[in-house]
Each structure stands twice: as C-alpha cells, then as structure tokens.
Amino acid sequence: MTATEFQAGKTRILYDADRLTTVSFEWLQPAFWRMRGAVVAELGGRGQALAVTIEAGQAVLRPYLRGGWMARLNRDRYLHLGYQRSRPFREWHLLARLHAAGLPVPRPLLAGSERAGLIYRGALLTRRIADALPLDQLLSVLTEADWKELAVTLQRFFGSGLVHPDLNPGNILRDEAGNWYLIDLDRATLRPGPVSPKPMIARLERALKRSSHYPAGLLPGLVSSA
C-alpha cells in the first residue's frame, strides 16, 4: 500500500496510489456521487455512509459527523490540530497498519481533510466488503460455530493491541463466506502489545442484550477462551 498525499488550497488528501490512479477533492462530497448516479446504497449510520462505485470497484464514503446533543450545535466541524492529526488521516493510517498485518478490516482508499481557519471537515473512502451484513442483522441465524469464529477474530484484534472505543453490533460485519470484519475505527488506537478485551466486550455485550436472539454472557466467555 503506497500512501500518497497532495494538497490544493486548504484541502489535503491522503490516498492509496496502488489502488487509485486518479483522485479528486470532489470524491469527499456525497453530492458528487449522487449527481453521477454512482450511489449503490445508503448505508446510514452516524456518518450517513454511502456505498459508491469507483474505477477500483465498490467503496464506502463516510463523512465524519458528530452524534448526540453535540450534533445540534456542531454537526461536522472539528478543531484543526494538523492534517496528520485529523480523524480521517488517523483512521486511514490505522486501517493501513491493520490491513498490512492481515487483520480483517476494509482497505483504506482515500482520506480528506478540508481546513477552514481553526476547524476542518473530513471524510474517508474505504473498499466495500462485498455481500456483508452487520452483526445486529444476523443474530437470529448465527450458530455456536459462528460465535466462536467471531470470538477468535476479535481476539486477534485485541492481541494486536487494538482499542476500539465503539465496538457495537453495527461495526462488526460478516460476509457470505463466514468471514468477520471490523469497521468504523474512528478514534481507535493501536497499542504496542495485547490489550484487555473486557471493557470493549462489555460494551458489545450490553448492546447485544437488547436482542432476544442473543444468549446473554455468551461472547465474553468465548473471547476469554479464544
């Protein structure tokens, strides 16, 4: 993966030159893809992610948007502390490291940060995982073997030092071949050695308990034995 940057005015782009031969600042704007009729699906979520078709195949565009009460005051602006410290650039580099290590995450394609004085707006474009569904849409059909595979996958991430601050059923995908993936690693960090899975699994467990299809306590036990 060849990380390449270029800047025009106050906007800087970081992209994978091995996958993208040409890039445009317009790619950061959802309206650009809608006008071209290139939107494959509206994926929703806080970032109102879009599945779009690009020359390299299907990709996911995710603008960085705030949630909760803060969104009422400031939906998409963040304090600019340098392009490399912006959320899209940090997530691009983290995904690149995890992908290079063979961990199941989307391949990062393009990150953009548009500065305006002391603030910036940003977006991230990643390769779309084909035929994948989030964990919360699969709870009624998963077998014990499926849960064990998920536990093993999560343990690989924890063993690599990944701390995911928002591990929830919507950020875990499974494709038709039964492979599990982690997505949406905004604000995630990578530490030098293995990390304790307990706080992240506890958060995931609380979300899973909302479904009658999930056997409470199943995942923590499986992860600890993985």
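List of remarks:
- Relative contact order computed over the chain (Cα-Cα under 8 Å; 6+ residues apart), in percent: 17 percent
- Length-normalised contact order for the stretch 132-225 - Cα pairs under 8 Å, 6+ apart - percent: 36 percent
- For the stretch 205-225 and the stretch 117-145, distance of Cα centres in Å: 19 Å
- Square roots of 5 times each gyration tensor eigenvalue, C-alpha, the chain, largest first, Å: 30, 19, 18
- Pair Arg191, Ala38: separation of 7 Å Cα→Cβ label points (nm): 4.0 nm
- Gain upon complete extension [Arg206, Ala130; 0.36 nm per residue less C-alpha separation]: 24.6 nm
- Extension gain for Glu144-Arg66 works out to 24.5 nm (0.36 nm per residue, less the C-alpha to C-alpha distance).
- Straight Cα distances below 21 angstrom link Lys209 to the lysines Lys148, Lys198, with same-chain residues fewer than 8 positions distant left out.
- The smallest convex shape that holds all Cα atoms of the stretch 132-225, its convex hull, gives 86 Å³ per residue.
- Length gained on full extension, Phe25 to Gln58: 10.1 nm, using 0.36 nm per residue less the C-alpha separation.
- FRET efficiency, Ala8 to Glu176 (Cβ-Cβ, R0 30 Å, nearest 0.05): 0.15
- Relative contact order for the stretch 99-164, counting Cα pairs under 8 Å that sit 6 or more residues apart, in percent: 24 percent
- Simple Cβ-charge dipole of the chain, Lys/Arg +1 and Asp/Glu -1, about Cα centre, in debye nearest 20: 940 debye
- Ordering of 24-30, 103-109, 144-150 by packing is 103-109, 24-30, 144-150, highest average first (other Cβ atoms within 10 Å, averaged per residue).
- Listed peptides 168-178, 212-222 by packing density, highest first (mean Cβ within 10 Å): 168-178, 212-222
Since every read-out is calculated from the coordinates, none of them should be taken as a lab result. The structure presented is a predicted model; accordingly, all values stated were derived computationally and were not measured. With ideal geometry, Cβ positions are generated from the backbone for all residues, glycine too; neighbour counts draw on all protein chains shown.
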